[in-house]
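Since the structure comes first, as structure tokens, the remarks are kept for the end.
The values are calculated or read from the model by the stated rules, or taken from the named source; none is laboratory data. Remember, predicted model here, so these are calculated numbers, not experimental data. Cβ placement follows ideal geometry from the backbone for every residue including glycine, while neighbour counts extend to all protein chains displayed.
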Amino acid sequence: MNKFFLFLIPIVMMFASCADQQRNPLLTDYNTPFDAPPFDRIDDEHFLPAIEEGIRQHQAEIDAIVNNPEPPTFENTIVAYDQAGSLLSRVSLVFGNLRSAETNPRLQEIARESTPLLSAHSTSIRMNQDLFERIHAVYEQRNELDLDLEQMRVVEQYYRDFERSGAALPEEKRQKLSELSERMSMVSLQLGENQLAETNAFQLKLETEDDLAGLPASVRAAAADAAEKAGVDALGIVTLHNPSWIPFLQHSERRDLREKVFTAYFMRGDNDNEHDNKDLFAELMQLRQEMSRLLGFNNYAEYFQDIQMAENPKNVYDFLFEIWEPALALAKRERDEMQVMIDREGGNFKLEPWDWWFYAEKLRKEKYDLDEAELRPYFAIENVKKGNFLLANKLFGLTFEARPEVPVYHEEVEAYEVLDRDGSHLGILYIDPHPRPGKRGGAWCGTYRSGAYEDGEKIYPIVTIVMNFSRPSGDKPALLSWDETTTYFHEFGHALHNFFADGRYRRTSRSVPRDFVELPSQILENWAAEPALLNEYALHFETGEPMPEYLQQKMRNAEYFNQGFINAEYIAAAILDMDWHTAEHVGDIDVRAFEETSLRNMGLIQEIKPRYRTTYFGHIFGTGYAAGYYVYRWAGVLDADAFMAFKDSGDLFNQELAERFRKYILAENALRSGMDAYIEFRGEEPSIEPFLIRSGLK
Ligand SMILES: [Zn+2]
């Protein structure tokens with residue numbers, strides 16, 4: 001009897017697991033419009049088994065390449081490797097995007113369970129010596145294989161990927177490296193979770209009319225809405241999410257409350273509590289240093305920049321200091337101007353970091369007579385969206401069609417079909433505009449499916465742009481600030497890049513250096529303020545009138561305002577990042593002391609905190625922007641210079657330039673290095689001048 005049961009149980013379990021697989025929508029054809037993820041059928045519990053199955057399939061595909069009795073060729077090794085892992089990539093993209101845009105405790109738990117599995121899996125591939133030998137063999141004979149330019153690059157890039165992962169190292173060092181990388185991914189994950197927890201932990205209750213002093217109606221309404229949503233009995237609450245704390249700091253006359261909010265903001269991860277990030281970050285620096293040295297670099301920055309447009313840390317520092325010096329000088333003048341204002345008002349105190357936003361806003365009103373609130377009615381979210389669509393149409397002939405039949409993961413998300421000039425399909429765009437508790441802060445663009453070719457057939461991308469913009473308040477639509485408006489254009493620019501990127505191989509179609517990838521996004525911000533576009537989309541949400549000329553002028557003048565601060569706080573964070581990743585870390589690291597020294601050495605003034613302090617510097621927790629926070633300004637120089645090409649041509653929608661931009665900068669990423677692509681578009685290397693002039697630094 002017992003025996004019989006023991007025999008039966010595995011069979012029953014097998015059936016159960018088959019049935020589960022059939023029910024798991026992540027493992028079957030989606031059967032949805034445009035093959036978009038079936039969010040309405042995906043349950044949290046589907047992810048882990050789907051990830052496990054994805055890993056199993058990918059491993060089987062890798063084994064098949066390795067065990068192929070034929071000698072290694074471009075097709076049976078490079079192409080086969082490029083195409084492998086499609087299920088895992090499909091599942092991971094959905095999971096990763098949801099974990100950023102619509103997470104919950106269960107998803108976080110699954111991430112903690114799956115992260116070590118995924119990291120062990122990718123390490124085992126990167127450390128697979130048989131696979132590396134086959135790739136190496138193709139690499140060695142690449143010049144005799146009659147490969148075209150893109151094929152040559154795909155071979156070189158895969159070879160370099162393996163080399164950078166340590167595949168060419170002796171066994172013992174490879175083992176060490178895989179331990180380091182496993183630990184690094186856990187530490188990164190924990191740092192990010194602590195940051196989220198610290199951001200959500202703070203709430204300032206506004207309980208009396210006095211607590212609301214200085215706040216304009218829109219800020220009061222947003223604070224009241226937030227309190228209601230959080231179930232807090234108060235006139236309003238202030239949180240550490242950007243749309244909440246920034247307007248509060250700009251307007252609140254309560255200096256004590258400003259200090260409270262700002263202090264909570266900049267102390268995130270540094271509170272010596274269970275979410276403290278200091279020790280974890282110190283560990284991360286040790287791990288990265290050890291890894292870089294194993295791979296033959298002096299430090300992590302060298303390792304990172306080796307494959308960037310910038311090439312090495314020296315070029316990055318030189319570049320940053322070229323902006324830092326004029327930026328800091330200007331920031332000091334701005335500070336002095338604010339102090340004069342405080343003294344004139346009889347304030348009798350020294351300007352502190354939590355005062356900067358408040359006096360900046362006052363100075364802006366005084367000098368530029370521009371009230372942010374005066375602009376918002378022209379930037380209703382629907383109009384801003386139309387402005388983005390219109391720009392894509394004027395430059396590239398694209399059109400956008402609402403596709404309500406495409407499943408989405410939250411009712412606030414909209415889905416559009418993107419159509420090329422000739423009406424052909426380019427992909428699907430999701431737009432997810434507002435903050436929610438399960439969404440991380442900031443704004444970003446991601447892909448639920450990357451554009452690629454599979455078996456010679458084009459797979460169209462599914463792209464998402466996710467923001468944390470002001471919500472509609474009362475009976476008014478969501479009215480965006482100018483900053484939010486340009487952020488919209490920015491993320492939309494990343495999306496266009498994803499729709500246009502056209503490589504035959506997965507590896508090459510995605511191989512854009514970090515310090516190049518912000519050019520397509522940032523350049524669109526230039527058009528947002530140009531009358532030729534602004535007059536079409538920035539229409540008053542009640543009257544439908546375009547923004548009057550005097551207001552446009554004021555808005556453009558105001559672009560020069562506070563540039564000392566904006567550039568100084570940014571460059572300070574970028575230098576801090578470089579300092580962390582170029583320093584020689586010996587023994588225990590005192591994170592606070594290191595940060596203080598770094599800021600003192602660069603000469604940052606007390607009244608400004610870097611854009612990100614170490615303990616909530618999310619960009620550098622993961623590998624994407626570590627030693628790479630400089631890339632936004634690097635790309636800023638590129639975008640200012642590239643936009644100058646359109647201006648100089650006398651036609652902001654110059655079709656010939658737009659076509660070249662699409663071809664060299666957005667589409668053919670597979671074929672050239674960043675600098676070569678840029679020169680193809682522009683005819684020469686970028687100049688820093690247009691950036692300094694645009695920012696009022698010169
Ligand atoms: Zn970006």
Across the stretch 204-221, what is the number of residues that are in contact with a helix residue (DSSP H, G or I) (Cβ under 7 Å, 6 or more places away or on another chain) and either of a type in the set (A, V, I, L, M, F, W, C) or within 19 Å of His434 (Cα to Cα) (or both)?
7
Which residue, of Glu536, Glu569, Glu530, is acidic (Asp, Glu) and over 26 Å from the mean Cα position of the chain (by Cα)?
Glu536
Taking the condition in a helix (DSSP H, G or I), more than 27 Å from the chain's Cα centre (by Cα) and of a type in the set (Gly, Ala, Ser), does Ala301 pass?
no
Where residues in the stretch 470-497 are among the small types (Gly, Ala, Ser) and assigned to a helix (DSSP H, G or I), which of them is farthest from the ligand (Cβ to nearest atom)?
Ala495
Do you know which residues across the stretch 65-113 are of a type in the set (D, E, K, R) and over 19 Å from Glu45 (Cβ atoms)?
Glu70, Glu75, Asp82
What number of residues in the stretch 110-153 are crowded, with 19+ Cβ neighbours inside 10 Å and among the basic types (Lys, Arg)?
3
Counting only residues that are within 15 Å of Ser89 (Cβ to Cβ) and part of a helix (DSSP H, G or I), which one in the stretch 499-518 is nearest to the ligand (Cβ to nearest atom)?
Ser509
Can you pull out every residue in the stretch 414-469 that is within 16 Å of the ligand (Cβ to nearest atom), among the polar types (S, T, N, Q) and either assigned by TED's automatic domain parsing to the domain that holds Leu93 or farther than 23 Å from Asn393 by Cβ (or both)?
Asn468
If you go through the stretch 190-210, how many residues are farther than 14 Å from Arg268 by Cα and surrounded by 19 or more Cβ atoms within 10 Å (Cβ to Cβ)?
2
Among the helices (runs of 4 or more DSSP H) confined wholly to the stretch 588-674, which include 1 or more residues that are within 16 Å of the ligand (Cβ to nearest atom) and crowded, with 16+ Cβ neighbours inside 10 Å?
631-648
What is the residue count in the stretch 524-534 for residues that are crowded, with 20+ Cβ neighbours inside 10 Å and within 11 Å of the ligand (Cβ to nearest atom)?
1
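Per-residue answers, yes or no, for (1) surrounded by 14 or more Cβ atoms within 10 Å (Cβ to Cβ); (2) assigned to a helix (DSSP H, G or I); (3) hydrophobic (A, V, I, L, M, F, W, C); (4) at pLDDT 95 or above:
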position	(1), (2), (3), (4)
Lys332	yes, yes, no, yes
Val340	no, yes, yes, yes
Phe349	no, no, yes, yes
Asp355	yes, yes, no, yes
Tyr359	yes, yes, no, yes
Arg364	yes, yes, no, no
Glu374	yes, yes, no, no
Lys385	yes, yes, no, yes
Leu391	yes, yes, yes, yes
Screening Glu549, Glu584 for residues that are in contact (Cβ under 8 Å) with a residue 24 or more places away in the chain, surrounded by fewer than 20 Cβ atoms within 10 Å (Cβ to Cβ) and at negative phi leaves only Glu584
If you scan the stretch 675-698, which residues turn out to be in a helix (DSSP H, G or I) and of a type in the set (Lys, Arg)?
Arg682, Arg694
Residue match in the stretch 539-546 (condition: within 16 Å of the ligand (Cβ to nearest atom) and either assigned to a strand (DSSP E or B) or under 23 Å from Phe492 (Cα atoms) (or both)):
no
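Go over the candidates Glu405, Glu417 one by one and state the one that is at negative phi and out of contact with any Phe, Trp or Tyr (no Cβ under 8 Å at 6 or more places or on another chain).
It is Glu405.
Yes/no per residue for (1) of a type outside the set (Lys, Arg); (2) at pLDDT below 95:
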residue: Leu189; (1), (2): yes, yes
residue: Leu204; (1), (2): yes, no
residue: Glu209; (1), (2): yes, no
residue: Ala227; (1), (2): yes, no
residue: Ala234; (1), (2): yes, no
residue: His251; (1), (2): yes, no
residue: Leu257; (1), (2): yes, no
residue: Arg268; (1), (2): no, no
residue: His275; (1), (2): yes, no
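Being of a type in the set (Phe, Trp, Tyr), touching a helix residue (DSSP H, G or I) at 6+ places or on another chain (Cβ under 8 Å), under 23 Å from Leu93 (Cβ atoms) and in a strand (DSSP E or B) narrows it down to one of Tyr416, Tyr448, Tyr430, so name that one.
The match here is Tyr448.
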